[in-house]
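**Student:** My questions all concern the structure below.
The values are calculated or read from the model by the stated rules, or taken from the named source; none is laboratory data. All of these numbers come straight from a predicted model, not from anything done at the bench. Note that we place each Cβ from the backbone using ideal geometry, even for glycine, and neighbour counts take in every protein chain shown.
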Amino acid sequence: MTERDRLLRRIQAEDFALYETVLYLDGHPQCKRALAQYHKHKNNAKALREEFEGKYGPLTIYGNQSDCDWHWVTKPWPWEKEAN
């Protein structure tokens with residue numbers, strides 16, 4: 001497994017934990033422990049996305065960092081494994 005693949009899996013794991021925490025918070029909005037977990041996973045996912053996009057280009061349409069170029073279409077998309 002490449003570093004790129006490992007990073008993508010870490011992003012997926014954080015996103016999964018984040019969504020599961022959100023579902024729990026929908027039923028238990030006063031739970032401080034769940035809210036702390038939400039912020040932890042949200043920050044971890046954000047940091048991992050920034051790391052991925054810094055190394056490999058945009059992960060989503062929101063990841064374009066340039067005001068001059070549109071990088072979304074210049075590299076293989078994250079799901080195009082055969083191109084990576």
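**Student:** Criterion first (touching a helix residue (DSSP H, G or I) at 6+ places or on another chain (Cβ under 8 Å), assigned to a helix (DSSP H, G or I) and closer than 24 Å to residue 80 by Cα) does residue 4 satisfy it?
**Tutor:** yes
**Student:** Can you list residue pairs whose Cβ atoms sit under 7 Å apart, with the first residue in the range 11-33 being closer than 13 Å to residue 46 by Cα and the second being modelled with pLDDT under 95? Count only pairs 6 or more apart in sequence or on different chains.
**Tutor:** Pairs that qualify, where the first residue is closer than 13 Å to residue 46 by Cα and the partner is modelled with pLDDT under 95, are 11/49; 11/52.
**Student:** When residues of the range 25-38 are filtered for being exposed (fewer than 12 other Cβ atoms within 10 Å of the Cβ) and either within 11 Å of the chain's Cα centre (by Cα) or part of a helix (DSSP H, G or I) (or both), how many remain?
**Tutor:** 5
For (1) surrounded by fewer than 17 Cβ atoms within 10 Å (Cβ to Cβ); (2) at pLDDT 95 or above; (3) not in a helix (DSSP H, G or I), each residue gets a yes or a no:
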| site | (1), (2), (3) |
| --- | --- |
| 11 | no, yes, no |
| 15 | yes, yes, no |
| 23 | yes, yes, no |
| 41 | no, yes, no |
| 48 | no, yes, no |
| 59 | no, no, yes |
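**Student:** Okay, moving on. Considering only residues that are among the hydrophobic types (A, V, I, L, M, F, W, C) and in contact (Cβ under 8 Å) with a residue 40 or more places away in the chain, which ones fall in the range 34-59?
**Tutor:** 48, 52, 59 - these are the residues of the range 34-59 that are among the hydrophobic types (A, V, I, L, M, F, W, C) and in contact (Cβ under 8 Å) with a residue 40 or more places away in the chain.
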